[in-house]
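The values are calculated or read from the model by the stated rules, or taken from the named source; none is laboratory data. It should be emphasised that the depicted structure is a prediction, and the values quoted were computed from it without experimental measurement. When we count neighbours, we look across all protein chains shown, and the Cβ atoms used for this are built from the backbone with ideal geometry, even at glycine.
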Amino acid sequence: MSKAEPTIQKYMTYLPHSIEAKATIKEAVAKMQELNVRHLPVLEGDKIAGIISDRDIKLATSFVEADTALIKVKDICQERPYQVEPSALLKDVVFEMAEKRYGSVLVMQNGHLVGIFTTVDACRALHDVIEQKFHAH
């Protein structure tokens, strides 16, 4: 009997924290530090406007005159983040992440954000797969 291939839903972080597009970089930094995360989906109302990462923030603030209290998240976020359905196969998602060097994936269902899958989640999934393959009884 073969096991069903795991989907992204099994390993994603459900109901991820997000930030409004009109928030400032300073607010995003504070929220990321408070939550200990490196990625935040960016929302305009209840619609995805993009995703912001700690790397995006570092790049934007590397300019000498960058004022984090004035720059809006919307101005620096990735506007077309990689998105999948919860039923997407784990192997396909991690392959795409590796090929395109994505640090995160937004998990969408019926046009709504239901989860996020990051490289940390991918490491947990890898651990789980190794445990099942080599340590199952």
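Some values worked out for this structure:
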{"item": "Pick from the stretch 6-19, criterion surrounded by 13 or more Cβ atoms within 10 Å (Cβ to Cβ) and either in a strand (DSSP E or B) or without any contact (Cβ under 8 Å) to a residue 60 or more places away in the chain (or both), ranking: farthest from the chain's Cα centre (by Cα)", "result": "THR7"}
{"item": "Selection within the stretch 77-118 - closer than 17 Å to HIS39 by Cβ, free of Cβ contacts under 8 Å to residues at least 40 places away in the same chain and assigned to a strand (DSSP E or B)", "result": "GLN78, GLN83"}
{"item": "Yes/no for ALA122 being more than 23 Å from GLU27 (Cβ to Cβ), within 13 Å of the chain's Cα centre (by Cα) and of a type in the set (Gly, Ala, Ser)", "result": "yes"}
{"item": "Looking only at the stretch 29-38, and only at residues there that are surrounded by 13 or more Cβ atoms within 10 Å (Cβ to Cβ) and of a type in the set (A, V, I, L, M), the one that is farthest from ILE71 (Cα to Cα)", "result": "VAL37"}
{"item": "Test: residue in the stretch 57-67 that is touching a Gly at 6+ places or on another chain (Cβ under 9 Å) and either surrounded by fewer than 18 Cβ atoms within 10 Å (Cβ to Cβ) or of a type in the set (Lys, Arg) (or both)", "result": "no"}
{"item": "Qualifying position, being part of a helix (DSSP H, G or I), surrounded by fewer than 17 Cβ atoms within 10 Å (Cβ to Cβ) and among the basic types (Lys, Arg), among LYS26, LYS74, LYS3, LYS22", "result": "LYS26"}
{"item": "Test set (1) surrounded by fewer than 16 Cβ atoms within 10 Å (Cβ to Cβ); (2) within 22 Å of LYS31 (Cβ to Cβ); (3) aromatic (Phe, Trp, Tyr) - PHE95 fails condition number", "result": "(2)"}
{"item": "Failed criterion for PRO41 (all others in (1) buried (at least 17 other Cβ atoms within 10 Å of the Cβ); (2) out of contact with any strand residue (DSSP E or B) (no Cβ under 6 Å at 6 or more places or on another chain); (3) within 14 Å of ILE116 (Cα to Cα); (4) of a type outside the set (Phe, Trp, Tyr) hold)", "result": "(2)"}
{"item": "Condition check for ILE51: more than 17 Å from THR118 (Cβ to Cβ), crowded, with 18+ Cβ neighbours inside 10 Å and without any contact (Cβ under 8 Å) to a residue 60 or more places away in the chain", "result": "no"}
{"item": "Single match in LEU35, LEU70, LEU89 (criterion: more than 15 Å from GLY103 (Cβ to Cβ) and at pLDDT below 95)", "result": "LEU70"}
